[in-house]
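S.K.: First, the structure itself, so that you have it in front of you.
The values are calculated or read from the model by the stated rules, or taken from the named source; none is laboratory data. Given the structure is predicted, the values throughout are model-derived calculations rather than measurements. Please note: Cβ atoms are built from the backbone with ideal geometry, for glycine as well, and neighbour counts cover all protein chains shown. Ligands, DNA and RNA are stripped out before the accessible areas are found, and what is left, the full protein with its side chains, is counted by its heavy atoms. Shrake-Rupley method; radii C 1.70, N 1.55, O 1.52, S 1.80 Å.
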Amino acid sequence: MEQPDSIRIIGGGLAGVEAAWQAARRGVGVRLYEMKPRRFSPAHQSPLLGELVCSNSLRADSVENAVGLLKEEMRRLNSLLMAAAQATRVPAGKALAVDREAFAAYLTNALEKEPLVEIVREEVTELDPDRTTVIATGPLTSDALAGQLGRITGQEHLHFYDAIAPIVYAESLDLSKVFRASRYGAGDDYLNCPFTEEEYTAFYQALTAAEQVPLRSFEEPRYFEGCLPIEVMAARGYLTLAYGPLKPVGLADPRTGRQPFAVAQLRQENREGTLYNLVGFQTKLKYGEQERVFRLIPGLEQARFARLGSIHRNTFIRSPGLLSPHLNFLKLPPLFLAGQISGVEGYVESGAMGLLAGINAAAQAL
Ligand SMILES: Cc1cc2nc3c(=O)[nH]c(=O)nc-3n(C[C@H](O)[C@H](O)[C@H](O)COP(=O)(O)OP(=O)(O)OC[C@H]3O[C@@H](n4cnc5c(N)ncnc54)[C@H](O)[C@@H]3O)c2cc1C
(Lines give C-alpha, C1' and ligand atoms only; values in the text may rest on other atoms or scores of the structure.)
Protein backbone atom coordinates (compact mmCIF):
# COMPACT_ATOMS: atom_id res chain seq x y z
CA MET A 1 0.00 0.00 0.00
CA GLU A 2 1.24 3.50 -0.82
CA GLN A 3 2.60 5.26 2.28
CA PRO A 4 1.37 8.86 2.71
CA ASP A 5 4.96 10.13 2.95
CA SER A 6 6.28 8.22 -0.05
CA ILE A 7 7.20 9.84 -3.34
CA ARG A 8 6.05 8.87 -6.82
CA ILE A 9 8.36 8.21 -9.71
CA ILE A 10 6.87 7.89 -13.17
CA GLY A 11 8.93 5.86 -15.65
CA GLY A 12 11.17 2.88 -14.89
CA GLY A 13 13.88 3.77 -17.41
CA LEU A 14 17.43 4.78 -16.59
CA ALA A 15 16.48 7.99 -14.76
CA GLY A 16 13.49 6.54 -12.91
CA VAL A 17 15.37 3.46 -11.71
CA GLU A 18 18.27 5.53 -10.39
CA ALA A 19 15.92 8.06 -8.76
CA ALA A 20 14.00 5.27 -6.99
CA TRP A 21 17.23 3.67 -5.75
CA GLN A 22 18.61 6.96 -4.42
CA ALA A 23 15.36 7.88 -2.64
CA ALA A 24 15.16 4.43 -1.03
CA ARG A 25 18.81 4.72 0.11
CA ARG A 26 17.69 7.82 2.04
CA GLY A 27 14.87 5.95 3.75
CA VAL A 28 12.07 7.38 1.60
CA GLY A 29 9.35 5.09 0.27
CA VAL A 30 8.83 5.09 -3.50
CA ARG A 31 5.95 4.10 -5.73
CA LEU A 32 7.50 3.56 -9.15
CA TYR A 33 5.09 3.55 -12.10
CA GLU A 34 6.14 1.85 -15.33
CA MET A 35 3.70 1.36 -18.21
CA LYS A 36 5.51 -1.69 -19.67
CA PRO A 37 4.57 -4.44 -20.39
CA ARG A 38 0.98 -3.20 -20.73
CA ARG A 39 2.09 -0.49 -23.09
CA PHE A 40 5.37 -0.13 -25.02
CA SER A 41 6.80 3.02 -26.61
CA PRO A 42 7.83 2.65 -30.28
CA ALA A 43 11.43 1.87 -29.20
CA HIS A 44 11.03 -0.24 -26.03
CA GLN A 45 10.70 -4.02 -26.35
CA SER A 46 11.57 -5.58 -22.99
CA PRO A 47 9.32 -5.75 -19.92
CA LEU A 48 12.41 -5.16 -17.75
CA LEU A 49 13.21 -1.83 -16.07
CA GLY A 50 16.23 0.20 -17.22
CA GLU A 51 16.06 -0.94 -20.84
CA LEU A 52 18.79 0.34 -23.19
CA VAL A 53 16.88 1.02 -26.40
CA CYS A 54 19.77 1.23 -28.86
CA SER A 55 23.51 0.94 -28.30
CA ASN A 56 24.76 -1.22 -25.42
CA SER A 57 27.55 1.27 -24.64
CA LEU A 58 27.70 3.72 -21.73
CA ARG A 59 30.61 5.29 -23.61
CA ALA A 60 34.14 6.19 -22.45
CA ASP A 61 35.29 4.88 -19.09
CA SER A 62 38.30 7.13 -18.49
CA VAL A 63 37.95 10.01 -16.01
CA GLU A 64 39.85 12.27 -18.42
CA ASN A 65 36.67 12.38 -20.45
CA ALA A 66 33.44 14.18 -19.46
CA VAL A 67 31.17 11.14 -19.61
CA GLY A 68 33.79 8.99 -17.85
CA LEU A 69 34.05 11.55 -15.07
CA LEU A 70 30.25 11.68 -14.75
CA LYS A 71 30.19 7.89 -14.33
CA GLU A 72 32.85 8.09 -11.62
CA GLU A 73 30.81 10.74 -9.78
CA MET A 74 27.78 8.47 -10.00
CA ARG A 75 29.80 5.54 -8.59
CA ARG A 76 30.81 7.67 -5.63
CA LEU A 77 27.13 8.40 -4.98
CA ASN A 78 26.35 4.64 -4.94
CA SER A 79 24.64 4.61 -8.31
CA LEU A 80 22.64 1.46 -9.02
CA LEU A 81 23.17 1.92 -12.77
CA MET A 82 26.94 1.90 -12.31
CA ALA A 83 26.80 -1.21 -10.10
CA ALA A 84 24.69 -2.95 -12.76
CA ALA A 85 27.07 -1.87 -15.52
CA GLN A 86 30.09 -3.19 -13.63
CA ALA A 87 28.38 -6.53 -13.00
CA THR A 88 27.28 -7.02 -16.61
CA ARG A 89 30.05 -5.38 -18.67
CA VAL A 90 31.23 -6.87 -21.95
CA PRO A 91 34.58 -6.18 -23.67
CA ALA A 92 34.53 -2.84 -25.53
CA GLY A 93 38.04 -1.37 -25.48
CA LYS A 94 38.11 1.91 -23.56
CA ALA A 95 34.32 2.08 -23.37
CA LEU A 96 31.98 0.69 -20.71
CA ALA A 97 29.54 -1.54 -22.60
CA VAL A 98 27.07 -3.99 -21.08
CA ASP A 99 25.01 -7.05 -21.89
CA ARG A 100 21.69 -5.19 -22.18
CA GLU A 101 19.47 -8.08 -21.00
CA ALA A 102 21.65 -8.83 -17.98
CA PHE A 103 21.95 -5.09 -17.18
CA ALA A 104 18.17 -4.55 -17.19
CA ALA A 105 17.60 -7.80 -15.25
CA TYR A 106 20.09 -6.65 -12.57
CA LEU A 107 18.26 -3.32 -12.16
CA THR A 108 14.81 -4.89 -12.12
CA ASN A 109 15.86 -7.47 -9.57
CA ALA A 110 17.51 -4.86 -7.31
CA LEU A 111 14.36 -2.71 -7.21
CA GLU A 112 12.00 -5.67 -6.83
CA LYS A 113 13.98 -6.74 -3.76
CA GLU A 114 14.10 -3.22 -2.28
CA PRO A 115 11.47 -3.07 0.53
CA LEU A 116 10.99 0.70 0.20
CA VAL A 117 10.15 0.51 -3.51
CA GLU A 118 6.77 -0.59 -4.82
CA ILE A 119 6.63 -1.14 -8.58
CA VAL A 120 3.28 -0.48 -10.25
CA ARG A 121 2.97 -1.59 -13.88
CA GLU A 122 0.59 1.13 -15.05
CA GLU A 123 0.59 4.10 -17.41
CA VAL A 124 0.22 7.43 -15.59
CA THR A 125 -1.98 9.87 -17.47
CA GLU A 126 -2.65 12.49 -14.77
CA LEU A 127 -0.22 14.31 -12.48
CA ASP A 128 -1.01 15.21 -8.88
CA PRO A 129 0.60 18.66 -8.47
CA ASP A 130 0.52 18.40 -4.65
CA ARG A 131 2.46 15.15 -4.37
CA THR A 132 6.26 14.87 -4.61
CA THR A 133 6.72 13.21 -7.98
CA VAL A 134 9.67 12.60 -10.27
CA ILE A 135 8.60 12.53 -13.92
CA ALA A 136 11.13 10.33 -15.73
CA THR A 137 9.13 9.14 -18.70
CA GLY A 138 11.87 9.69 -21.24
CA PRO A 139 12.01 10.94 -24.81
CA LEU A 140 9.09 8.68 -25.75
CA THR A 141 6.72 9.82 -22.98
CA SER A 142 3.22 8.47 -23.61
CA ASP A 143 0.87 10.89 -25.38
CA ALA A 144 -1.55 11.48 -22.49
CA LEU A 145 1.22 12.46 -20.08
CA ALA A 146 3.00 14.52 -22.74
CA GLY A 147 -0.28 16.44 -23.15
CA GLN A 148 -0.39 17.08 -19.37
CA LEU A 149 3.19 18.33 -19.42
CA GLY A 150 2.31 20.62 -22.31
CA ARG A 151 -0.48 22.15 -20.24
CA ILE A 152 1.77 22.53 -17.18
CA THR A 153 4.61 24.15 -19.10
CA GLY A 154 2.33 26.17 -21.35
CA GLN A 155 4.72 25.30 -24.15
CA GLU A 156 4.63 23.32 -27.31
CA HIS A 157 6.78 20.26 -26.81
CA LEU A 158 10.16 20.51 -28.34
CA HIS A 159 11.46 17.54 -30.23
CA PHE A 160 14.20 16.12 -32.41
CA TYR A 161 14.68 12.83 -34.24
CA ASP A 162 16.95 10.01 -33.11
CA ALA A 163 17.72 6.68 -34.72
CA ILE A 164 18.65 3.11 -33.74
CA ALA A 165 21.49 1.03 -35.28
CA PRO A 166 21.07 -2.56 -36.52
CA ILE A 167 22.42 -5.68 -34.75
CA VAL A 168 23.79 -8.74 -36.60
CA TYR A 169 24.39 -12.38 -35.62
CA ALA A 170 28.13 -13.07 -35.18
CA GLU A 171 27.86 -16.48 -36.85
CA SER A 172 26.68 -14.85 -40.08
CA LEU A 173 29.84 -12.72 -40.48
CA ASP A 174 32.62 -13.62 -42.93
CA LEU A 175 35.60 -13.93 -40.58
CA SER A 176 38.03 -14.29 -43.48
CA LYS A 177 37.47 -10.54 -44.08
CA VAL A 178 36.57 -9.20 -40.65
CA PHE A 179 39.44 -8.70 -38.17
CA ARG A 180 39.56 -8.19 -34.42
CA ALA A 181 41.22 -5.04 -33.03
CA SER A 182 40.64 -1.89 -31.02
CA ARG A 183 42.07 1.39 -32.31
CA TYR A 184 45.76 2.12 -31.70
CA GLY A 185 46.48 -1.39 -30.41
CA ALA A 186 44.34 -0.92 -27.28
CA GLY A 187 43.12 -4.55 -27.26
CA ASP A 188 41.00 -6.57 -29.66
CA ASP A 189 37.44 -5.96 -28.54
CA TYR A 190 35.94 -4.77 -31.84
CA LEU A 191 35.28 -6.60 -35.09
CA ASN A 192 36.41 -4.48 -38.04
CA CYS A 193 35.14 -4.63 -41.61
CA PRO A 194 37.82 -3.13 -43.90
CA PHE A 195 36.78 -1.30 -47.11
CA THR A 196 38.93 -0.76 -50.18
CA GLU A 197 38.27 2.56 -51.94
CA GLU A 198 36.16 0.75 -54.59
CA GLU A 199 34.08 -1.02 -51.94
CA TYR A 200 33.58 2.26 -50.07
CA THR A 201 32.43 4.02 -53.26
CA ALA A 202 29.93 1.27 -54.06
CA PHE A 203 28.62 1.37 -50.47
CA TYR A 204 28.38 5.18 -50.49
CA GLN A 205 26.46 5.20 -53.78
CA ALA A 206 24.02 2.51 -52.63
CA LEU A 207 23.50 4.23 -49.28
CA THR A 208 22.80 7.69 -50.70
CA ALA A 209 20.39 6.27 -53.31
CA ALA A 210 18.53 3.94 -50.92
CA GLU A 211 14.88 4.47 -49.98
CA GLN A 212 14.20 6.07 -46.59
CA VAL A 213 11.16 5.93 -44.34
CA PRO A 214 9.40 9.26 -45.04
CA LEU A 215 8.61 11.53 -42.09
CA ARG A 216 4.98 12.59 -41.86
CA SER A 217 4.13 15.77 -43.76
CA PHE A 218 3.98 17.98 -40.63
CA GLU A 219 7.28 16.67 -39.27
CA GLU A 220 10.46 18.65 -39.75
CA PRO A 221 13.62 16.54 -40.16
CA ARG A 222 15.45 17.95 -37.11
CA TYR A 223 18.17 15.53 -35.92
CA PHE A 224 20.50 15.30 -32.94
CA GLU A 225 23.94 16.05 -34.41
CA GLY A 226 25.61 13.52 -32.09
CA CYS A 227 23.55 10.62 -33.44
CA LEU A 228 22.76 11.37 -37.08
CA PRO A 229 21.33 8.63 -39.30
CA ILE A 230 24.19 7.26 -41.39
CA GLU A 231 22.48 8.18 -44.67
CA VAL A 232 22.06 11.80 -43.47
CA MET A 233 25.80 11.94 -42.73
CA ALA A 234 26.62 10.36 -46.10
CA ALA A 235 24.52 12.98 -47.89
CA ARG A 236 26.88 15.67 -46.54
CA GLY A 237 29.73 14.49 -48.76
CA TYR A 238 31.58 11.53 -50.25
CA LEU A 239 34.24 11.42 -47.51
CA THR A 240 32.08 12.37 -44.52
CA LEU A 241 31.71 8.74 -43.40
CA ALA A 242 35.41 8.00 -43.98
CA TYR A 243 36.21 10.78 -41.50
CA GLY A 244 33.28 9.91 -39.24
CA PRO A 245 31.87 6.52 -38.20
CA LEU A 246 33.89 4.65 -40.87
CA LYS A 247 37.22 6.28 -40.02
CA PRO A 248 40.12 3.80 -40.34
CA VAL A 249 42.67 5.59 -38.13
CA GLY A 250 44.54 3.40 -35.64
CA LEU A 251 43.51 0.17 -37.39
CA ALA A 252 45.69 -2.02 -39.65
CA ASP A 253 44.22 -4.91 -41.64
CA PRO A 254 46.31 -8.00 -40.70
CA ARG A 255 45.88 -9.35 -44.25
CA THR A 256 47.67 -6.35 -45.80
CA GLY A 257 49.45 -4.80 -42.82
CA ARG A 258 48.03 -1.45 -43.96
CA GLN A 259 45.32 0.94 -42.83
CA PRO A 260 42.19 0.28 -44.95
CA PHE A 261 40.45 3.10 -46.85
CA ALA A 262 37.57 2.92 -44.37
CA VAL A 263 36.43 0.58 -41.57
CA ALA A 264 33.00 -0.31 -40.20
CA GLN A 265 33.29 -1.35 -36.55
CA LEU A 266 31.08 -3.90 -34.81
CA ARG A 267 30.78 -3.87 -31.03
CA GLN A 268 29.91 -6.95 -28.96
CA GLU A 269 26.29 -6.76 -27.89
CA ASN A 270 25.85 -9.61 -25.38
CA ARG A 271 28.04 -11.61 -22.99
CA GLU A 272 27.98 -14.70 -25.18
CA GLY A 273 29.38 -12.70 -28.12
CA THR A 274 26.66 -13.99 -30.45
CA LEU A 275 25.37 -10.52 -31.38
CA TYR A 276 27.18 -7.44 -32.69
CA ASN A 277 26.01 -3.82 -33.02
CA LEU A 278 26.98 -1.82 -36.14
CA VAL A 279 28.65 1.19 -34.52
CA GLY A 280 27.35 4.48 -35.93
CA PHE A 281 24.87 2.82 -38.30
CA GLN A 282 21.71 4.32 -36.83
CA THR A 283 19.39 4.65 -39.81
CA LYS A 284 15.95 5.44 -41.16
CA LEU A 285 16.31 3.42 -44.36
CA LYS A 286 13.41 1.09 -45.16
CA TYR A 287 13.98 -2.40 -43.72
CA GLY A 288 14.56 -4.16 -47.07
CA GLU A 289 16.98 -1.41 -48.10
CA GLN A 290 18.96 -1.76 -44.86
CA GLU A 291 19.58 -5.45 -45.53
CA ARG A 292 20.54 -4.78 -49.17
CA VAL A 293 22.86 -1.83 -48.47
CA PHE A 294 24.52 -3.09 -45.26
CA ARG A 295 25.34 -6.42 -46.94
CA LEU A 296 27.68 -4.38 -49.17
CA ILE A 297 29.94 -3.94 -46.11
CA PRO A 298 32.91 -6.32 -46.53
CA GLY A 299 32.31 -9.31 -44.24
CA LEU A 300 28.55 -8.70 -43.99
CA GLU A 301 27.61 -10.18 -47.38
CA GLN A 302 25.64 -13.00 -45.71
CA ALA A 303 24.75 -11.10 -42.53
CA ARG A 304 21.58 -12.04 -40.68
CA PHE A 305 20.02 -9.17 -38.76
CA ALA A 306 18.75 -9.67 -35.20
CA ARG A 307 17.38 -6.11 -35.25
CA LEU A 308 17.11 -3.49 -37.97
CA GLY A 309 17.55 0.25 -37.50
CA SER A 310 14.69 2.72 -37.00
CA ILE A 311 13.95 6.37 -36.21
CA HIS A 312 11.94 7.99 -33.42
CA ARG A 313 10.69 11.39 -32.36
CA ASN A 314 12.17 12.54 -29.02
CA THR A 315 10.34 14.96 -26.73
CA PHE A 316 12.00 17.26 -24.23
CA ILE A 317 11.14 20.33 -22.15
CA ARG A 318 12.81 23.73 -22.17
CA SER A 319 14.20 23.16 -18.68
CA PRO A 320 16.38 26.25 -18.05
CA GLY A 321 13.32 28.51 -17.93
CA LEU A 322 11.02 26.06 -16.18
CA LEU A 323 13.02 24.12 -13.58
CA SER A 324 14.98 25.09 -10.48
CA PRO A 325 18.59 23.87 -10.08
CA HIS A 326 17.06 21.02 -8.01
CA LEU A 327 15.15 19.85 -11.11
CA ASN A 328 11.65 20.69 -9.83
CA PHE A 329 9.25 23.06 -11.58
CA LEU A 330 9.66 26.64 -10.35
CA LYS A 331 5.87 27.05 -10.38
CA LEU A 332 5.03 23.54 -9.07
CA PRO A 333 7.77 22.58 -6.58
CA PRO A 334 6.45 19.06 -5.81
CA LEU A 335 6.99 18.02 -9.45
CA PHE A 336 10.53 17.05 -10.47
CA LEU A 337 11.73 16.19 -13.94
CA ALA A 338 14.54 13.72 -14.65
CA GLY A 339 16.18 11.93 -17.54
CA GLN A 340 16.19 12.78 -21.19
CA ILE A 341 12.91 14.68 -21.05
CA SER A 342 14.71 17.25 -18.86
CA GLY A 343 16.81 18.19 -21.88
CA VAL A 344 19.93 16.02 -21.50
CA GLU A 345 20.88 13.39 -24.07
CA GLY A 346 22.36 9.93 -23.47
CA TYR A 347 22.01 6.96 -21.14
CA VAL A 348 24.57 8.16 -18.59
CA GLU A 349 23.37 11.76 -18.60
CA SER A 350 19.76 10.61 -18.16
CA GLY A 351 20.74 8.31 -15.29
CA ALA A 352 22.71 11.12 -13.64
CA MET A 353 19.67 13.41 -13.77
CA GLY A 354 17.65 10.61 -12.14
CA LEU A 355 20.25 10.37 -9.40
CA LEU A 356 20.01 14.10 -8.70
CA ALA A 357 16.21 14.24 -8.86
CA GLY A 358 15.92 11.17 -6.59
CA ILE A 359 18.13 12.77 -3.93
CA ASN A 360 16.30 16.11 -4.14
CA ALA A 361 12.80 14.60 -4.17
CA ALA A 362 13.71 12.47 -1.14
CA ALA A 363 14.98 15.59 0.66
CA GLN A 364 11.69 17.36 -0.08
CA ALA A 365 9.68 14.41 1.28
CA LEU A 366 11.68 14.06 4.51
C1 LIG B 1 15.46 5.58 -30.39
C2 LIG B 1 16.44 6.05 -29.38
C3 LIG B 1 17.76 5.62 -29.41
C4 LIG B 1 18.68 6.06 -28.45
N5 LIG B 1 19.95 5.59 -28.47
C6 LIG B 1 20.83 5.96 -27.52
C7 LIG B 1 22.15 5.41 -27.50
O8 LIG B 1 22.50 4.60 -28.34
N9 LIG B 1 23.00 5.83 -26.53
C10 LIG B 1 22.63 6.72 -25.56
O11 LIG B 1 23.45 7.04 -24.69
N12 LIG B 1 21.38 7.25 -25.56
C13 LIG B 1 20.48 6.90 -26.51
N14 LIG B 1 19.21 7.42 -26.52
C15 LIG B 1 18.91 8.55 -25.65
C16 LIG B 1 18.58 8.33 -24.17
O17 LIG B 1 19.73 8.27 -23.45
C18 LIG B 1 17.73 7.17 -23.86
O19 LIG B 1 16.49 7.38 -24.43
C20 LIG B 1 17.57 6.95 -22.33
O21 LIG B 1 16.99 5.70 -22.16
C22 LIG B 1 16.77 8.02 -21.62
O23 LIG B 1 16.55 7.65 -20.28
P24 LIG B 1 15.19 8.05 -19.54
O25 LIG B 1 15.21 7.36 -18.23
O26 LIG B 1 15.04 9.51 -19.58
O27 LIG B 1 14.03 7.43 -20.44
P28 LIG B 1 13.71 5.90 -20.80
O29 LIG B 1 14.91 5.06 -20.58
O30 LIG B 1 13.08 5.94 -22.15
O31 LIG B 1 12.64 5.49 -19.71
C32 LIG B 1 11.35 6.03 -19.67
C33 LIG B 1 10.40 4.96 -19.16
O34 LIG B 1 9.14 5.57 -18.90
C35 LIG B 1 8.10 4.72 -19.33
N36 LIG B 1 6.92 5.57 -19.56
C37 LIG B 1 6.73 6.49 -20.55
N38 LIG B 1 5.55 7.13 -20.38
C39 LIG B 1 4.99 6.60 -19.25
C40 LIG B 1 3.78 6.86 -18.53
N41 LIG B 1 2.91 7.79 -18.93
N42 LIG B 1 3.51 6.13 -17.41
C43 LIG B 1 4.39 5.17 -16.96
N44 LIG B 1 5.55 4.89 -17.61
C45 LIG B 1 5.85 5.61 -18.73
C46 LIG B 1 8.67 4.05 -20.55
O47 LIG B 1 8.03 2.82 -20.82
C48 LIG B 1 10.14 3.86 -20.16
O49 LIG B 1 10.37 2.61 -19.55
C50 LIG B 1 18.26 6.98 -27.45
C51 LIG B 1 16.93 7.41 -27.42
C52 LIG B 1 16.03 6.93 -28.36
C53 LIG B 1 14.60 7.36 -28.27
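S.K.: Which percent, to the nearest 5, of DSSP beta bridges fully inside the chain are antiparallel?
M.R.: In the chain, DSSP labels about 65 percent of beta bridges as antiparallel.
S.K.: Using Cα positions and a limit of under 19 Å, work out the aspartates and glutamates in reach of Lys284, with same-chain residues fewer than 8 apart set aside.
M.R.: By straight Cα distance, Lys284 reaches Asp162, Glu211, Glu219, Glu220, Glu225, Glu231.
S.K.: Any chance you could give the angle, 0 to 90 degrees and rounded to 10, that helix 143-153 forms with the longest Cα principal axis of the chain?
M.R.: Taking Cα atoms only, the helix is inclined about 60 degrees.
S.K.: Would you work out the Kirkwood radius for the stretch 123-232? I mean one over the mean of 1/r across all pairs of different Cα atoms, in Å.
M.R.: Averaging 1/r across every pair of different Cα atoms and inverting gives 19.0 Å.
S.K.: On a 0 to 90 degree scale, rounded to 10, what angle separates helix 197-209 from the longest Cα axis of the chain?
M.R.: Its long axis makes an angle of about 50 degrees.
S.K.: Sticking with this one: State the Cα centre-to-centre distance between the stretch 66-101 and the stretch 113-163 in whole Å.
M.R.: That distance is 26 Å.
S.K.: Check each of the chymotrypsin sites (Phe, Trp or Tyr not before Pro) in the stretch 1-56 and keep only those in coil by DSSP with at most 15 other C-beta atoms within 10 angstrom; list them in order.
M.R.: Phe40
S.K.: Measure nothing fancy, just the Cα-based angle from helix 347-365's long axis to the longest principal axis of the chain, in degrees from 0 to 90, nearest 10.
M.R.: For 347-365 against the chain, the angle is about 10 degrees.
S.K.: While we're looking at this one, here's another question. Rounded to the nearest 20 debye, what is the charge dipole size of the chain about its Cα centre when +1 sits on each Lys and Arg Cβ and -1 on each Asp and Glu Cβ?
M.R.: So the dipole magnitude of the chain works out to roughly 260 debye.
S.K.: Right, something else. Using every pair of alpha-carbon atoms in the stretch 1-75, split the distances into 10 Å bins beginning at 0 and state the percent of pairs per bin, rounded to integers.
M.R.: For the stretch 1-75, the pair-distance distribution reads 17, 36, 33, 13, 1.
S.K.: Using the heavy atoms of the protein chains and a 1.4 angstrom probe, tell me the accessible area per residue for the chain in square angstrom.
M.R.: That works out to 44 Å² per residue.
S.K.: Still on this model: Output the Cα-based Rg and Dmax of the stretch 163-312 in Å, rounding Rg to one decimal and Dmax to a whole number.
M.R.: 14.9, 51
S.K.: Once you mark the GluC sites (Glu not before Pro) that are in a DSSP loop and have at most 10 other Cβ atoms within 10 Å, what is the longest gap between them in the chain?
M.R.: It works out to 157-271.
S.K.: Let me ask you something else. Based only on the alpha carbon positions, what is the Kirkwood hydrodynamic radius of the stretch 87-169, in angstrom?
M.R.: This gives a value of 16.7 Å.
S.K.: Shifting gears a bit: Go ahead and set up a Gaussian network model of the chain, Cα springs under 10 Å, then flag whichever of Gln86, Gln22, Gln265 fluctuates most.
M.R.: Per the Cα network of the chain with a 10 Å cutoff, Gln86 tops the list.
S.K.: Something else: Would you mind calculating the relative contact order of the chain from Cα pairs under 8 angstrom and at least 6 residues apart, reporting the percent as a whole number?
M.R.: That works out to 26 percent.
S.K.: In whole Å, largest first, what are the principal axis extents of the Cα atoms in the chain?
M.R.: Its Cα atoms span 68, 45, 36 Å along the three principal axes.
S.K.: Would you work out what percent of the accessible area of the stretch 1-105, with all protein chains in place, is carbon or sulfur (probe 1.4 Å)?
M.R.: Taking all protein chains in place, the stretch 1-105 shows 54 percent carbon and sulfur surface.
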